[in-house]
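Encoded as structure tokens, the structure appears first; notes follow it.
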Amino acid sequence: MAEKILALVPAAGSGRRMGGPQAKQFLALAGRPILSHTLAVIEAAKEVVGSVVVARAADQDRVWQECVRPYGLGKVQRVVAGGARRQDSVAAGLAVCRQLGADLVVVHDGVRPLAGPELFAHVIAAARRWGAAICALPAAETIKQVDQRGVVLSTVERSRLWLVQTPQAFETGLLWRAFEQAAAQGWQATDEAGLVEKLGQEVRVVPGSGHNLKITTPQDLALAGRWLGGAAPLMGQGLDVHRLVPGRPLVLGGVTIEHDKGLWGHSDADVVCHALMDALLAAAGLGDIGQHFPDSDPAYKDISSLTLLAEVMALLSQRGLRPAQASVTLVAQAPRLAPHMEAMRRNLSQALDLDPGLVNLAATTSEGLGFTGRGEGIAALALASLRPREQPAEP
Ligand code: MG
């Protein structure tokens, strides 16, 4: 009978070390959630026929919506709710792998997106032979024991020290016994192999990879982005048009401008901010402002679009992104905008938390042609690029 190998992917962490409110598995890496990269590696590991992802109960749907379906990752069979500790989450996922009839289970951290499929091939081959295998790297740096005052107690002999990674592969029955015993005896371990070792079972080591980064800090995220060729900027464009009507204030780029007409709309109808918000959302792959701030919602009635822009910034920040550069072109026949351009640019650069030199604002007429030329409305076009945040997002 063919052997069934399933991957078990714990992704239930809260990401506290990232410094933000966002679980790190959903942060954007080269334009898509970290977890989607990890699952794509599993998709490419040919020995693995399916996977079980463990997420926080509140995030189960989000894993399907943001990390699985958009990328056509057909191997994901279940997204199950995890527990408080990693060990509880893996136990929950393991029960499901067992129900699904797995002969071998490969546990792999949801936030290790750079493990290549060959790493899976190596640990799986070793686990088939010996029952339990992990990948690890020999410690390259000198290791010391240090007390709470920061004083060195001793230098540890490092020749037998290895830094452990995932994937870790186990015969399902063996890993199940280890978890049963852990529950019965109150064992705790920071990796699955730790529990198997307590059973007295041999665990084999195969060479890991220096690129198999566990993304824990904003610096890790930035480094992984560079390794993935994340130098390619995330770009987005936006376009907005509003009608000019009497009896409304004219607000552009957060500046109220003297004019006999103003822009009609549900909010303050600031086309500059709206086009820019669309460009930012587009660069992050987050749709458009209509989806996030619907006209039908009374909360947005006459609201300042700078407030909405701040909400877009929070959405980007939750995904580990921030603006890199922005450019807006206004198309209006009247009023004359030149006296207001500097104030608008200042507002935008503040709202985007960008140096004013990275925010451009241009205005043109349309030579009397079309709806803008006849003074029936004002249009704005925007371009924006994003980059990873290297500083923690504010909670
Ligand atoms: Mg609009």
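Quick note: the coordinates plus some simple rules give every number you see, no bench work behind them. Note that the structure is a prediction, hence the values are computed from the model and not measured. Every residue, glycine as well, gets a Cβ built from its backbone with ideal geometry; the counts of neighbours run over all protein chains shown.
Here are some notes:
- Radius of gyration over Kirkwood radius for the range 332-394, both on Cα atoms: the Rg/Rh ratio is 1.11.
- Comparing THR217, THR190, THR329 in a Gaussian network model of the chain where C-alpha atoms under 10 Å apart are linked, the largest mean-square fluctuation is found at THR190.
- Cα pair count fraction exceeding 10 Å, expressed as % - the range 286-325: 73 percent
- For the range 26-66, the square roots of the Cα gyration tensor eigenvalues, ordered a ≥ b ≥ c, give a/c of at least 1.5 with a/b no greater than b/c, which places it in the oblate category.
- Coordinate range along principal axes, alpha carbons of the range 41-126, Å, largest first: 35, 28, 22
- Using alpha carbons only: equivalent-ellipsoid semi-axes of the range 219-323, gyration tensor based, whole Å: 32, 13, 11
- Rounded to 5, percent antiparallel among DSSP beta bridges of the chain: 65 percent
- Around the Cα centre of the range 335-395, unit charges on the Cβ atoms of Lys, Arg, Asp and Glu (plus for the first two, minus for the last two) sum to a dipole of about 120 debye.
- Contact order relative to length of the range 1-108, as percent, for alpha carbon pairs under 8 angstrom and 6 or more apart: 39 percent
- Rounded to the nearest 500, the 222 nm mean residue ellipticity of the chain from helices alone is -9000 deg cm²/dmol, with -39,500 (n - 2.57) taken per DSSP H run of at least 4 residues.
- Whole-number percent relative contact order across the range 325-395, with pairs defined as alpha carbons under 8 Å at least 6 apart: 48 percent
- Relative contact order for the chain, counting Cα pairs under 8 Å that sit 6 or more residues apart, in percent: 16 percent
- Descending Cα extents along the principal axes, the chain, whole Å: 84, 53, 33
- Selection of trypsin sites (Lys or Arg not before Pro), the range 330-378, meeting DSSP coil and at most 13 other Cβ within 10 Å: ARG336, ARG374
- Label separation (ARG336 vs ALA139): 7.3 nm, computed from points 7 Å beyond Cα along the C-beta direction.
- At full extension, SER304 and TRP187 could sit 36.6 nm farther apart than now, given 0.36 nm per residue minus the alpha carbon distance.
- Cα-based Kirkwood hydrodynamic radius, the range 257-369, one decimal, Å: 15.0 Å
- When you filter the trypsin sites (Lys or Arg not before Pro) in the range 45-114 for DSSP loop state and at most 14 other Cβ atoms inside 10 Å of their Cβ, you are left with LYS46, ARG85.
- Note on the chain: with a GNM built from Cα contacts shorter than 10 Å, the maximum mean-square fluctuation among THR172, THR365, THR142 falls on THR142.
- A P(r) calculated from all alpha carbon pairs of the range 104-227, with 10 Å bins opening at zero, reads 12, 34, 34, 18, 2 percent.
- Computed FRET value (nearest 0.05) for ARG85 with SER296, which takes r as the C-beta separation and R₀ as 45 Å: 0.60
- Distant-in-sequence amide H partners of LEU161 (H built 1.01 Å from N, under 5 Å): ALA139
- Normalised alpha carbon radius of gyration of the range 148-301 [divisor 2.2 N^0.38 Å]: 1.93
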